Amino acid sequence: MKGNTPLRARWLPSQWSADAAGRKNMALLVQLRWIAIAGQVATILIVHYAMDIRLPFPSMLVVPCIAAAMNLGSMMVLRRRTDISHAELFLALLFDVLALTTQLYLSGGATNPFISLYLVQVALGAVLLHRWSVWGIVAISSLCAAMLSLFYRPLDLSEAFEGRLFDLHIIGTWICLTMIAVLLVLFMTRITRNLQQREAYLARLRQQAAEEEHIVRMGLLASGAAHELGTPLAQLAVVLGDWRHMPEITGHPALVEEVGEMETAIKRCKAILSGILMSAGEARGEAPQITNVRDFVDAIARDWRSANPGMPLRCDFGPHDYPRIVADPVIRQAVTNLLDNAREAGATYIDMLVSRDNRWLHIAVRDNGPGFSEEMLADVGKPYRSSKGKQGGGLGLFLVVNVVRKLGGRVNASNSVEGGAMILLRLPLATLALEEGKNDV
């Protein structure tokens with residue numbers, strides 16, 4: 001990260017970076033056009049030289065050359081762009097229809113058995129285009145086929161094939177139908193798979209939007225509760241301060257100790273509420289805290305140990321150098337949630353394992369509790385999926401998964417071989433690191 005740019009501003013563009021179905025379908029059209037170019041050139045050479053059927057050789061070779069130039073231009077566009085519009089797909093299919101029409105005009109018109117190749121363009125249009133565009137391809141293909149029955153250059157047959165035009169037409173029809181069947185199977189299945197991937201991607205986006213709306217509602221509720229609880233906590237702090245100076249309390253050491261414990265508990269509640277408000281963006285005038293990974297994790301462990309005395313928590317950093325980071329309170333809360341979940345699941349000790357590689361910072365929380373069931377592992381990250389069996393449970397891990405996902409990271413849940421559960425957070429160093437490329441311990 002450069003400067004003090006908030007972490008949330010870093011992942012917004014990459015969140016939506018996915019290859020669109022239009023781009024993939026255009027790439028398939030480019031591949032299909034290369035096949036058409038190779039097939040046209042091979043057919044022209046075989047018919048002109050091997051079968052001695054005299055064709056307008058130079059004119060017919062111009063069309064594959066134009067198609068090749070079209071393909072090269074399309075490939076350059078695909079390299080620079082991540083999406084292709086519907087209009088561009090329509091124009092690409094229209095170009096193929098006109099190129100086929102030109103070749104058929106120069107080689108017998110409607111008498112050429114390869115006129116059935118129009119069906120390939122119509123089938124592709126039916127899958128790729130909107131309704132009006134599909135009917136446009138149908139109308140243009142039909143019009144071109146009708147014109148080819150009236151206007152075309154007749155074939156100049158050699159003496160060997162004179163009077164055998166029907167036999168040539170039958171053979172050509174068989175070859176054409178075989179080509180159409182092969183092309184439709186190859187490309188329609190791939191195009192259908194692209195469309196299915198797009199629908200799955202959109203379904204994931206809709207699911208994420210629903211989860212984020214749920215998180216927003218929870219955040220508003222937590223922020224409102226934090227504001228409401230601030231006043232009674234302040235009143236309790238004042239009352240306890242008065243009690244500390246009352247003779248009835250000062251004369252009993254046990255009561256003095258209990259008042260001190262209550263004051264400590266109230267301070268802890270105030271710190272939690274302050275963290276909630278800061279995570280919600282309501283803490284005014286606080287600059288991001290610059291630290292390193294070791295200090296950041298040690299501070300989380302220290303605070304958690306003070307709030308959970310008697311629960312062993314061990315930190316293992318491994319033999320790595322770690323970069324300086326911006327200590328986002330959202331990450332702190334996510335790790336704290338994992339530690340709380342492990343304690344509530346019945347663990348008697350917890351390990352926090354930290355490591356890194358070239359791209360990722362790994363923070364794993366491992367415990368010796370009962371572990372996850374198969375159903376829980378399948379539903380990790382979904383709200384209200386909990387192994388603790390209490391109403392409203394499962395939100396902690398749900399929030400962790402969403403927080404890490406928004407930062408561009410991943411969450412993996414598993415059961416340890418020795419028993420117990422392990423949650424692994426994978427956070428991108430490019431998002432967390434203060435200075436990219438420099439590792440300062």
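The values are calculated or read from the model by the stated rules, or taken from the named source; none is laboratory data. These numbers were taken from a predicted model, which means no experiment stands behind them. Because the Cβ atoms are built from the backbone with ideal geometry, glycine has one as well, and the counts that use them run over all protein chains shown. Remember, those area values only see protein heavy atoms, side chains included, never the ligands or the DNA or RNA. Shrake-Rupley method; radii C 1.70, N 1.55, O 1.52, S 1.80 Å.
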Separation between Cα centres of region 242-269 and region 322-367, rounded to whole Å
35 Å
Going by a ≥ b ≥ c, the root eigenvalues of the Cα gyration tensor, does region 38-78 fall in the rounded group (a/c under 1.5), the prolate group (a/b larger than b/c) or the oblate group?
prolate
Cα centroid of region 172-192 to Cα centroid of region 47-91, whole Å
19 Å
If all Cα-Cα distances of region 307-368 are sorted into 10 Å bins from 0 onward, what percent lands in each bin, rounded to whole numbers?
19, 49, 28, 4
Classify region 20-118 as rounded, prolate or oblate from the Cα gyration tensor: take a ≥ b ≥ c as the square roots of its eigenvalues, call it rounded if a/c is under 1.5, otherwise prolate when a/b beats b/c and oblate if not.
prolate
Starting from region 74-170, pick out the GluC sites (Glu not before Pro) whose DSSP state is loop and whose Cβ has at most 15 other Cβ atoms within 10 Å.
Glu162
Rounded to a whole number, what % of the accessible area of region 107-201 do carbon and sulfur atoms account for, probe 1.4 Å?
70 percent
Packing rank of 330-338, 235-243, where each peptide gets the mean count of other beta carbons within 10 Å, highest leading
330-338, 235-243
